[in-house]
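Shown next, in structure tokens, is the structure this report addresses.
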Amino acid sequence: MSSIRYKWVTALIALVCTIPLSACGNQLANFEGTLLFHNYTSYESWDGQLFTVDLASKKLTNLTTGWKNVKHTINGSFSSDGQYITFMGSQKDIEDWDVFVTHWNGTKWEEPVNLTGPNGKRDEDPKFSPITNKIIYKEDGVVATISLTGKPEYFAPGSMPYFLPDGKSYLFEQAGDIYLSKSNKIDRKSTRLN
């Protein structure tokens, strides 16, 4: 591992470890909000399930209970208004990664809608923009975005895309390096960070 990459990873780990400690101070923390996570027996088992935990009440909810058309639901992300969750999963009878979205109707999370397929491609790692309902993801190794009702837009080869707080710029990985794109246009320029 290169020295720069090692420093980058070390800095991220230090930040993640420092945030909870500084938030707690000398007293026990009163956490608020909802944690979204997934669980599966193994990646190859196709049995992933999405869960939420209400941090104040500690209530655990399996979101996938009752969903009929999707399986192996993993890598969830809330929309900025908390009304939608996007995640990767597969249609019930197909082992084909796609990007799904579910909507909170006031009482439960609705049956998910498949935004990208089934299309025979690996649509993975979706995340909402922090300011819009645009979703960034990877399709067969290419960074792409899609709205809740639109067609995908494709950018550059890469993986693990993640919007920055401005909702336009994003980070992505390519061949072991991290890049920053300051625009979500097809002709954007990217800067290598490590």
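The values are calculated or read from the model by the stated rules, or taken from the named source; none is laboratory data. Note that the coordinates shown come from a computational prediction; the quantities given were computed from them, not determined experimentally. Cβ sites come from the backbone with ideal geometry, for glycine too, and all protein chains shown count toward neighbours. To get the accessible areas, we keep the full protein, side chains included, count just its heavy atoms, and leave off ligands, DNA and RNA. Shrake-Rupley method; radii C 1.70, N 1.55, O 1.52, S 1.80 Å.
A dipole drawn for the stretch 48-194 from +1 and -1 charges on Cβ atoms has a positive end, and of Val53, Ile74, Ser159 the residue lying farthest that way is Val53. Qualifying GluC sites (Glu not before Pro) in the stretch 23-128, where qualification requires a DSSP coil assignment and no more than 10 other C-beta atoms within 10 Å, comprise Glu32. Across the stretch 95-109, rounded Karplus estimates of 3J(HN,Hα) from the backbone phi angles (6.51 cos²θ - 1.76 cosθ + 1.60, θ = phi - 60°) give 9, 9, 5, 9, 9, 10, 9, 10, 10, 7, 9, x, 10, 7, 7 Hz, Gly and Pro being marked x. Spatial offset of the stretch 37-65 relative to the stretch 85-159 amounts to 18 Å, using the alpha carbon center of each.
Rounding to the nearest 20 debye, state how big the charge dipole of the stretch 38-111 is about its Cα centre with +1 on each Lys and Arg Cβ and -1 on each Asp and Glu Cβ. Don't skip to the answer; put the middle values down first.
Details: 6 positive and 10 negative charges, 76 e Å.
For the stretch 38-111, the charge dipole is close to 360 debye.
Each principal axis of the Cα atoms in the stretch 129-180 has its own extent, and those three values, largest first, are 31, 24, 12 angstrom. Within the accessible area of the stretch 66-194, the carbon and sulfur atoms contribute 52%, probe 1.4 Å, all protein chains present. Would you mind checking the pairs Lys58/Lys151; Lys59/Lys168; Lys58/Lys168; Lys59/Lys127; Lys68/Lys127 and listing those with alpha carbons more than 31 angstrom apart? From the list (Lys58/Lys151; Lys59/Lys168; Lys58/Lys168; Lys59/Lys127; Lys68/Lys127), the Cα-Cα distance tops 31 Å for Lys58/Lys151; Lys59/Lys168; Lys58/Lys168.
If contacts are Cα pairs under 8 angstrom and at least 6 residues apart, what is the relative contact order of the stretch 63-194 in percent?
On the way: 329 pairs, mean separation 19.5, N = 132.
Taking the mean separation of contacting Cα pairs over the length of the stretch 63-194, I get 15 percent.
In terms of its C-alpha gyration tensor, the stretch 50-194 has a prolate overall shape, because the principal axis ratio a/c (a ≥ b ≥ c, square roots of the eigenvalues) is not below 1.5 and a/b outweighs b/c.
Taking the Cβ of Ser79 as the center, what net charge do the other residues with Cβ under 14 Å away carry, scoring Lys and Arg +1 and Asp and Glu -1? Write out the running numbers ahead of the final one.
Working: positive: Lys127, Lys134; negative: Asp81, Glu110.
In short, 0.
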